[in-house]
Amino acid sequence: MEGIHAVILAISDFLYQPFIVPLLLFAAGVYFTFLLGIPQIGMLREACKVILEKPKNKEGISSFGALMVSTASRVGTGNIIGVSAAICTGGPGAVFWMWITAILGGSSAFVESTLAQIYKKKSADGSSYGGPTYYMQDALKQRWLGCIFAFLILLTYAVGYNMLAAYNLQSTFAAFKFYDKTTTPMIIGAILTVLFAMIILGGGKRLVKVTALLVPVMGVVYVAVSIIVILLNIGNVPAMFGEIFANAFDFQAIFGGFTGSCIMLGVKRGLYSNEAGMGSAPNAAATADVSHPVKQGLVQMISVFIDTLIICTATALMCLSTGVAHTKEVSGAAYVQNAVQSTLGDFGPIFIAVAMCLFAFTTLIGNYSYCEGCIKFILKSEPSKELLMGFRVFSSILIYVGTVSNAGLVWDLADMCQGLMVVTNVPAILLLGGVAAKCLKDYTKQLEAGKNPHYVAKEAGLKEETDFWN
């Protein structure tokens, strides 16, 4: 296992050189922001409006339903433990760079999800599916690239992210006296594996129902408790923001050790949290039944903001406002639990453990929802029942493996996987950015004419044939 970990770490370290993943993310975010006319500001009101639109067909998945599936994957252990790890390892300045990653990443999320809607495919029952694999195949005419990306989604979500989510969930119980390093992870792993298997063996529609119920509730309660903690420590808030900005712009320290700097940790944990530019959320975006692709692009842009600018920020400010020391030794669940306990007493660690159970479980479900479509893409046909059953069982076993693994392995594996997705997806959406820009122009033109925008591919200047927009 140590040899495998060494290889994973070497690949991850290479991917996160300043000129690879960080440059790709920032460059793409800046380029799309100005290409699209700063949609993070100009289209924010419209984005909030379209979230509540009903699907065209009664049986279709609404924008809100697709938002909940993608948010279930985005909103997870990264919002609690990922933020803690960034602060404890990279310093409070990592929070600022997480904000920048999200703000710029909103435009990348818009482009990739709009493209997923344009090139989505029609199922036999009239529903839709799609994602980056299809715009790589149909728009770029590179099916081989789509197959590589489909494999990377399987590697990232069934293996890397789900193992990490399972590990992070069990780690929150280390704050309690009953925790035993050997037996407790095994017990939690067994319970989590059984619950996860029950959901995924129940079929895909249950995924939407479960996540649509849990995600809004857990998000609102968590943010509310965070605000209470911040208000109870209001006197520390000015110094807290001073610490964030001073550390964020301490360039001598940053460039003296870029790999472990607040910028790099902000990029890594921001990406782990909001996934903007990775090409994951477009798989959920493609299932939405909307009248215009831009609508789902706007909805997914909002999902990035909900994840990082609201929930991650809630964690960061809640912890930093307490003044509890943030050291490498308490990186992870321990820092968050210590911080909340300092203000709310013994209720704090219990609340974080409960929140983590909900966050992590919906993450596991949301992550898995991306996988089966990728198997179908690679095979060019519906996978057999035996293959699907085998994959579902394998994915369930990995949940158990994650809970009993060590922190270094699961974090490095997740970082490597998400980095590989970025270097595959971001160049593709940079090449196709003009398609998304024309689509947005068509949308705003119809809005200005007082219409509820409806997309017709040929009228919007798209040359390729599509399943839905002819």
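The values are calculated or read from the model by the stated rules, or taken from the named source; none is laboratory data. Because the structure is a prediction, the values reported are computed rather than measured. Note that we place each Cβ from the backbone using ideal geometry, even for glycine, and neighbour counts take in every protein chain shown. Surface areas here come from the heavy atoms of the whole protein model, side chains and all, with no ligands, DNA or RNA. Shrake-Rupley method; radii C 1.70, N 1.55, O 1.52, S 1.80 Å.
Please report Rg (one decimal) and Dmax (integer) in Å for the Cα set of the stretch 269-385.
Final numbers for Rg and Dmax: 18.5, 55 Å.
On average, how much accessible surface per residue is there in the chain, in Å², for a 1.4 Å probe, leaving out ligands, DNA and RNA?
Roughly 40 Å² per residue, with all protein chains present.
Find which of L145, G219, S123 sits farthest along the positive direction of the dipole of the chain, computed with +1 on the beta-carbon of Lys and Arg, -1 on that of Asp and Glu, about the Cα centre.
So the residue furthest toward the plus end is S123.
Classify the stretch 290-449: rounded, prolate or oblate, from the alpha-carbon gyration tensor (a ≥ b ≥ c, eigenvalue square roots; a/c under 1.5 rounded; otherwise prolate if a/b is larger than b/c)?
Taking the square roots of the gyration eigenvalues as a ≥ b ≥ c, the stretch 290-449 is oblate.
Given H placed 1.01 Å from N in the peptide plane, which residues other than close sequence neighbours of L432 have an amide H under 5 Å from its amide H?
Excluding prolines and chain starts, which carry no amide H, there are no hits.
Could you let me know the centre-to-centre spacing of the stretch 287-309 and the stretch 318-348, using Cα atoms, in angstrom?
First find each Cα centre; the distance between them is then 33 Å.
Rounded to the nearest 20 Debye, what is the dipole magnitude of the stretch 295-381 about its Cα centre when Lys and Arg each give +1 and Asp and Glu each give -1 at the C-beta?
380
Please report the spacing between the Cα centers of the stretch 421-470 and the stretch 171-201 in Å, no decimals.
The stretch 421-470 and the stretch 171-201 have Cα centres separated by 45 Å.
Once you've got the Cα coordinates, tell me which of K295/K451; K121/K380; K49/K458; K121/K376 are over 23 Å apart.
K49/K458
When the Kirkwood radius is taken over all Cα pairs of the chain, what Stokes-Einstein diffusion coefficient follows at 10 °C and 1.306 mPa s, in µm²/s?
Using the Kirkwood radius from Cα pairs, D works out to 72 µm²/s.
In whole Hz, what ³J(HN,Hα) sequence does the stretch 377-387 give by Karplus (6.51, -1.76, 1.60; θ = phi - 60°), x for Gly and Pro?
5, 4, 7, 6, 6, 5, x, 5, 4, 5, 5
With only Lys, Arg, Asp and Glu charged, each at its Cβ (+1 for the first two, -1 for the last two), find how big the charge dipole of the stretch 363-424 is about the Cα centre; round to the nearest 20 debye.
The dipole of the stretch 363-424 has a size of about 200 debye.
Suppose every K and R has +1 on its Cβ and every D and E has -1 on its Cβ; what is the size of the dipole of the chain about the Cα centre, in Debye to the nearest 20?
1020
Does the stretch 311-367 classify as rounded, prolate or oblate by the C-alpha gyration tensor (a ≥ b ≥ c root eigenvalues; a/c under 1.5 gives rounded; else a/b over b/c gives prolate, otherwise oblate)?
Prolate.
Please compute the contact order of the chain in relative form: average sequence separation of alpha-carbon pairs under 8 Å and at least six residues apart, divided by the residue count, as a percent.
Averaging sequence separation for qualifying contacts and normalising by length gives 35 percent for the chain.
Taking each pair of different alpha-carbon atoms in the stretch 9-59 once, compute 1/r for the pair, average those values, and report the inverse of that mean as the Kirkwood hydrodynamic radius in Å to one decimal.
Computed over the stretch 9-59, the radius equals 14.1 Å.
Please express the Cα-Cα pair-distance distribution P(r) of the stretch 273-333 as a list of whole percents, one per 10 Å bin, running from 0 to the bin with the greatest distance.
18, 37, 23, 16, 6, 0
Determine the relative contact order of the stretch 81-147: mean sequence separation of Cα pairs under 8 Å and six or more apart, normalised by residue count, in whole percent.
Rounded, it is 17 percent for the stretch 81-147.
Among L344, I81, L364, whose Cα sits farthest toward the positive end of the charge dipole of the chain (+1 at Cβ of Lys/Arg, -1 at Cβ of Asp/Glu, about the Cα centre)?
Going by the Cα projections, it comes out as L364.
Apply the a/c threshold of 1.5 to the C-alpha gyration tensor of the stretch 399-470 and tell me whether it is rounded, prolate or oblate.
It comes out prolate by the Cα gyration axes.
Over the stretch 267-365, what is the mean sequence separation of C-alpha contacts under 8 Å (at least six apart), divided by residue count, expressed as relative contact order in percent?
Reported as a whole number, the value is 18 percent.
Tally up the carbon and sulfur contribution to the accessible surface of the chain as a whole percent, 1.4 Å probe, everything protein left in place.
Carbon and sulfur atoms account for 67 percent of the accessible area of the chain.
Between K122 and Q142, 0.36 nm times their residue separation minus their Cα-Cα distance comes to what?
My answer for the length gained is 5.2 nm.
Quick one: which residues, 5+ away or cross-chain, put their amide H under 5 Å from the amide H of S128? H built at 1.01 Å from N.
Here the answer is S123, since their amide H atoms fall under 5 Å of that of S128.
Find the all-direction average of the projected area of the Cα convex hull for the stretch 351-428, expressing the result in square nanometres with one decimal place.
Taking a quarter of the hull surface, the average projection is 6.9 nm².
Excluding residues fewer than 8 places away in the same chain, name every one of the aspartates and glutamates whose C-alpha is closer than 17 Å to that of K120.
E112, D138, D289, E372, E382, E464, E465, D467
For S381 and D180, compute 0.36 nm times the residue count separating them, minus their Cα-Cα distance, and round to one decimal in nm.
Between S381 and D180, full extension yields 67.7 nm more.
Among 168-179, 108-119, 236-247, 312-323, how do they line up from the highest to the lowest mean number of other beta-carbon atoms within 10 Å?
Most protected by this proxy first, the peptides run 108-119, 312-323, 168-179, 236-247.
Taking the Cα centre of the chain as the origin and placing charges on Cβ (Lys, Arg +1; Asp, Glu -1), which of Q40, F251, A353 is farthest toward the positive end of the dipole?
Positive-end residue among those listed: Q40.
Can you give the translational diffusion coefficient of the stretch 85-220 in µm²/s, computed by Stokes-Einstein from the Kirkwood radius over Cα pairs at 20 °C and 1.002 mPa s?
Here the translational diffusion coefficient equals 114 µm²/s.
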